[in-house]
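**Q** Here it is, the structure, as structure tokens.
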Amino acid sequence: MFEKVHNQKGMTLIELLAAVALTSMIGLVTVQVFSSQNKLYSGERYISRNISHTRIIIDALAKNIRQIGYNPMETDGNVFGIKDSTGSFTTNAITSNTSLYYTEDDDEDGVLDTNMNEKVSISYDSVNNILRLGDIDNVGAITWANKWPNVTAFSISYIYSDGTSSSGTTDLPDNTTSNHTYSLIMAIVVSVTTRTEEIHTLTGSYVEETVESTVLLRNGA
């Protein structure tokens, strides 16, 4: 006796197209999720590197600032300390809050030498977003070297022994005034803002990091 065979229908064209469309959508979503995660990872990597970059800058500046006025031989005549912002290394009025000039007796011989170890100059190039260090030659001319890139803002402010402080270019140290002379500087506040090397791939813009440090002067201004 023969068994009755039942016909089994396959997928219709519409069902097949629906299955293909669904598979394509799942694949597209998977690719988009992977792409977004990859962009997020790249962006966070840029941010992490920029935070480290900013910390390195602020730590280096704080270390330098602590050496202002270092004078182990106790040389008289206000030779070592903070100087004005013209690059002449005198104690005229400071007019800029984006540069810092000072002297220190790095080799401990009691004499101010003409080099970047004892005549220290730091200046911000806002056009190129670079923090620069000055190299002083034997005749006192400064050659600027680009030290830290991707700096979008840099400022110096001064805290005086009476509790007041400078703000922007207001109340900067000036020996012609009675309450903001160089000798009254107690601490220096340095602020640095940097940006990521590349645009954040997820947000489409640079990400900035600002760090501020207050450094007490060990050796006087």
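The values are calculated or read from the model by the stated rules, or taken from the named source; none is laboratory data. The model shown is predicted, which means the values in this text are computed figures rather than measured ones. Positions of Cβ are generated from backbone atoms using ideal geometry, with glycine treated the same way; all protein chains shown enter the neighbour counts.
**Q** Name the residue, out of K63, K147, that is assigned to a helix (DSSP H, G or I) and either touching a helix residue (DSSP H, G or I) at 6+ places or on another chain (Cβ under 8 Å) or more than 20 Å from Y182 (Cβ to Cβ) (or both).
**A** Residue meeting the stated conditions: K63.
**Q** Then there is this: Within the bounds of the range 201-211, is there any residue that is loosely packed, with under 15 Cβ neighbours inside 10 Å, in a strand (DSSP E or B) and free of Cβ contacts under 8 Å to residues at least 40 places away in the same chain?
**A** Scanning the range 201-211, I find no residue that is loosely packed, with under 15 Cβ neighbours inside 10 Å, in a strand (DSSP E or B) and free of Cβ contacts under 8 Å to residues at least 40 places away in the same chain, so the answer is no.
**Q** Determine whether H180 is part of a loop (DSSP other than H, G, I, E, B), farther than 27 Å from E108 by Cα and under 18 Å from the mean Cα position of the chain (by Cα).
**A** Judged against the criteria, H180 is not a match.
**Q** Follow-up question, since we're still on this one. Let me confirm something: among N92, N78, N115, which residue is touching an Asp or Glu at 6+ places or on another chain (Cβ under 6 Å) and modelled with pLDDT under 90?
**A** Going through N92, N78, N115 in turn, just one is touching an Asp or Glu at 6+ places or on another chain (Cβ under 6 Å) and modelled with pLDDT under 90: N92.
**Q** For the list (1) modelled with pLDDT under 95; (2) assigned to a loop (DSSP other than H, G, I, E, B), I need the number of the one condition that L133 fails.
**A** (2)
**Q** Go through the range 191-200 residue by residue and tally those that are part of a loop (DSSP other than H, G, I, E, B) and touching a residue at least 24 places away in the same chain (Cβ under 8 Å).
**A** Qualifying residue count, the range 191-200: 4.
**Q** If you don't mind, another one. Looking at (1) of a type in the set (D, E, K, R); (2) surrounded by fewer than 10 Cβ atoms within 10 Å (Cβ to Cβ); (3) at pLDDT 90 or above, can you tell me which one R66 breaks?
**A** Tallying (1) of a type in the set (D, E, K, R); (2) surrounded by fewer than 10 Cβ atoms within 10 Å (Cβ to Cβ); (3) at pLDDT 90 or above, R66 fails exactly one: (2).
**Q** Do we find that E104 is touching a Phe, Trp or Tyr at 6+ places or on another chain (Cβ under 8 Å) and either hydrophobic (A, V, I, L, M, F, W, C) or at pLDDT 90 or above (or both) in this structure?
**A** In short, yes.
**Q** Now, a different point. For D105, which of the numbered conditions (1) over 26 Å from P149 (Cβ atoms); (2) surrounded by fewer than 19 Cβ atoms within 10 Å (Cβ to Cβ) fails to hold?
**A** (2)
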